[in-house]
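K.L.:
Have a look at this one before I ask anything.
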Amino acid sequence: MTTAQPESFPTIHWEEGGESRSARWRSERGAAAATRVVLADDTLPADVAYRMACEGTGLLWRGDFQNARMLLQSLTRRLDKTGERKAKKKPAAPAVAGMPTPQLALPFHQQRQLQAQRARVLSMVLIELDPQYTIHLRRAPQVQAACVDAWGAPEGDVAQVVSLRELQALVGAHEWRKKGVEIPALAKLAPKVYDRIHPHYGVFSPVRGEYVDLIAQAPLPTALAKQSLAYDIGTGTGVIAAVLARRGIQKVLATDTDPRALACAKENLERLGVDTRVELAQTDLFPEGKAALVVCNPPWVPAKPSAPVERAVYDEGSRMLRGFLAGVSAHLVPGGEAWLILSDFAEHLGLRSREELLTWISQAGLQVVGKNHIRPRHPKAQDAANPLHQARAAEMTTLWRLQVAW
């Protein structure tokens, strides 16, 4: 596993017991270390903690660990109430039947701002880990295994400070990695064979399985009969490569830029028993050569990610989408197909239009030879209280089958 080198971590400072102390600051979200840090324990009132956190003061916890969790829940409730009040003051414009909804871009950006503020405030509750990833607080859990999964084995003899919120996410990801995510499409392709994907920390989990169903059901291009080779661009957990291999494609070349993703994909492919058919490569977008099928599931929302872990969802300026479309024709054999899996959620938000997408396809010298659609099944699509419910309820995920317009 590739992790950040210790010398790349900033240092966080505080006063304790009349002495100056310091530790490495670790944040997977890339959050800056608090410039002011004070000690906090069970006697700190939640209202005072909320005010200090909003001001950017880091609260280094020295009390009962479970009480720190309760404090974080109290801060979350206060932030939720603040968000509800702001939402009531700025209602979204009413939709017009049959018309696109670019007015939803405003509540989308407002929601993103609230999420960023929420993350900043909640990241102010801090936990110290000793050099072996142990927490020396009353009723503290054992987090060493989760830390090793995410960061690798401990290095050096310097303590680290992390936000409690990120630590909880890290532990949650460790549990998901152990349990895995069931992928029905894999089970249908190979009954009674292992059908779970185990996402690593920082690698996007295929919890929205409808796009996997599209890949499992779309008709394979006839060019595969001559050359049974496919490319999976941006493989992540390796789920798409696994589906392609189980569909009978003899060789799949799966690429990604993230070493974490490649390590995750390798482990999953081995567990699924398809690793002999899949080769992994660290590269941006395409490997060298041509294939009969090139598949890409790029980030669906053209917005700036606020943290590295969001790059699988947000892609500023549709960089990966546009790069895939612009370059894929050079990597297709005659009669080969490019499969683009894309939600139209951004279109309903007014962040990208269908006309833009079709223009990029045309400018790349590609033509649409087929489309397969599926409705989302995730809970937010049915949550009428969600400020973006109108866009989520109308969302459709499409597998675009593209060929070179010879």
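The values are calculated or read from the model by the stated rules, or taken from the named source; none is laboratory data. Keep in mind that this is a model prediction, so the values were computed, not measured. A quick note on method: Cβ atoms are made from the backbone with ideal geometry, for glycine too, and the neighbour counts reach across all protein chains shown.
K.L.:
Is one or more of the residues making up the stretch 339-356 aliphatic (A, V, I, L, M), touching a Lys or Arg at 6+ places or on another chain (Cβ under 9 Å), under 28 Å from R377 (Cβ atoms) and in the same structural domain as K188 (by TED's automatic domain parsing)?
P.N.:
For the stretch 339-356, residues aliphatic (A, V, I, L, M), touching a Lys or Arg at 6+ places or on another chain (Cβ under 9 Å), under 28 Å from R377 (Cβ atoms) and in the same structural domain as K188 (by TED's automatic domain parsing): present.
K.L.:
Tell me yes or no: at least one residue of the stretch 300-309 is surrounded by fewer than 16 Cβ atoms within 10 Å (Cβ to Cβ), out of contact with any Gly (no Cβ under 8 Å at 6 or more places or on another chain) and either under 30 Å from P259 (Cα atoms) or of a type outside the set (A, V, I, L, M, F, W, C) (or both).
P.N.:
Yes, the stretch 300-309 contains a residue that is surrounded by fewer than 16 Cβ atoms within 10 Å (Cβ to Cβ), out of contact with any Gly (no Cβ under 8 Å at 6 or more places or on another chain) and either under 30 Å from P259 (Cα atoms) or of a type outside the set (A, V, I, L, M, F, W, C) (or both).
K.L.:
Give me a count of the residues in the stretch 387-400 that are modelled with pLDDT under 70 and within 20 Å of the chain's Cα centre (by Cα).
P.N.:
Adding up the residues that qualify gives 1.
K.L.:
Here is a further query. Would you be able to say whether some residue in the stretch 324-345 is outside any helix (DSSP H, G or I), without any contact (Cβ under 8 Å) to a residue 40 or more places away in the chain and of a type in the set (A, V, I, L, M, F, W, C)? Show your work before the answer.
P.N.:
We begin by selecting, within the stretch 324-345, every residue outside any helix (DSSP H, G or I); these are 332-344.
Next, only the ones that are without any contact (Cβ under 8 Å) to a residue 40 or more places away in the chain stay: none.
No, the stretch 324-345 has no match at all.
K.L.:
Now a separate question. Mind listing just one residue for me: the one in the stretch 34-80 that is surrounded by fewer than 16 Cβ atoms within 10 Å (Cβ to Cβ) and hydroxyl-bearing (S, T, Y) and, of those, modelled with the lowest pLDDT?
P.N.:
T35
K.L.:
For the stretch 12-30, how many residues meet the condition of being part of a strand (DSSP E or B) and of a type outside the set (S, T, N, Q)?
P.N.:
So in the stretch 12-30, the residues part of a strand (DSSP E or B) come out as 12-16, 19-25.
Filter once more, so that each one left must be of a type outside the set (S, T, N, Q): 12-16, 19, 21, 23-25.
The qualifying residues number 10.
K.L.:
Residue check, V294 against (1) within 23 Å of G152 (Cβ to Cβ); (2) part of a strand (DSSP E or B); (3) hydrophobic (A, V, I, L, M, F, W, C), all met but one. Which one?
P.N.:
(1) is the only condition that V294 fails.
Conditions tested, residue by residue: (1) modelled with pLDDT of 95 or more; (2) at positive phi; (3) not polar (S, T, N, Q).
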residue	(1), (2), (3)
D344	no, no, yes
T359	yes, no, no
K371	yes, no, yes
A381	no, no, yes
A384	no, no, yes
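K.L.:
From the list R247, R260, which residue is within 22 Å of E28 (Cα to Cα) and either touching a helix residue (DSSP H, G or I) at 6+ places or on another chain (Cβ under 7 Å) or of a type in the set (D, E, K, R) (or both)?
P.N.:
On the way: R247 fails: within 22 Å of E28 (Cα to Cα).
That would be R260, the only listed residue that is within 22 Å of E28 (Cα to Cα) and either touching a helix residue (DSSP H, G or I) at 6+ places or on another chain (Cβ under 7 Å) or of a type in the set (D, E, K, R) (or both).
K.L.:
Let me ask something additional. Does at least one position in the stretch 125-147 carry a residue that is within 27 Å of E55 (Cβ to Cβ) and in a helix (DSSP H, G or I)?
P.N.:
There is no residue in the stretch 125-147 that is within 27 Å of E55 (Cβ to Cβ) and in a helix (DSSP H, G or I).
K.L.:
Name the pairs: first residue in the stretch 44-65 and under 14 Å from S163 (Cβ atoms), second residue of a type in the set (S, T, Y) and part of a helix (DSSP H, G or I), Cβ to Cβ under 8 Å, at least 6 apart or on different chains?
P.N.:
From the stretch 44-65, the pairs are A49/S74.
K.L.:
Go through the residues of the stretch 152-165 one by one and say whether even a single one is charged (D, E, K, R), modelled with pLDDT of 95 or more and within 20 Å of the chain's Cα centre (by Cα).
P.N.:
Yes - at least one qualifying residue is present in the stretch 152-165.
K.L.:
Does the stretch 276-287 hold any residues that are part of a loop (DSSP other than H, G, I, E, B) and either buried (at least 18 other Cβ atoms within 10 Å of the Cβ) or modelled with pLDDT of 95 or more (or both), and which are they?
P.N.:
Keep residues of the stretch 276-287 that are part of a loop (DSSP other than H, G, I, E, B), which gives 276-277, 283-287.
Selection gives T276, R277, T283, L285, F286, P287.
K.L.:
Within the group T397, T359, which residue is over 30 Å from A31 (Cβ atoms), of a type in the set (S, T, N, Q) and surrounded by 14 or more Cβ atoms within 10 Å (Cβ to Cβ)?
P.N.:
Details: T359 fails: surrounded by 14 or more Cβ atoms within 10 Å (Cβ to Cβ).
From the options T397, T359, the qualifying one is T397.
K.L.:
Just the residues that are in contact with a helix residue (DSSP H, G or I) (Cβ under 8 Å, 6 or more places away or on another chain) and under 14 Å from T237 (Cα atoms), please, taken from the stretch 153-189.
P.N.:
A173, R177, I183, L186
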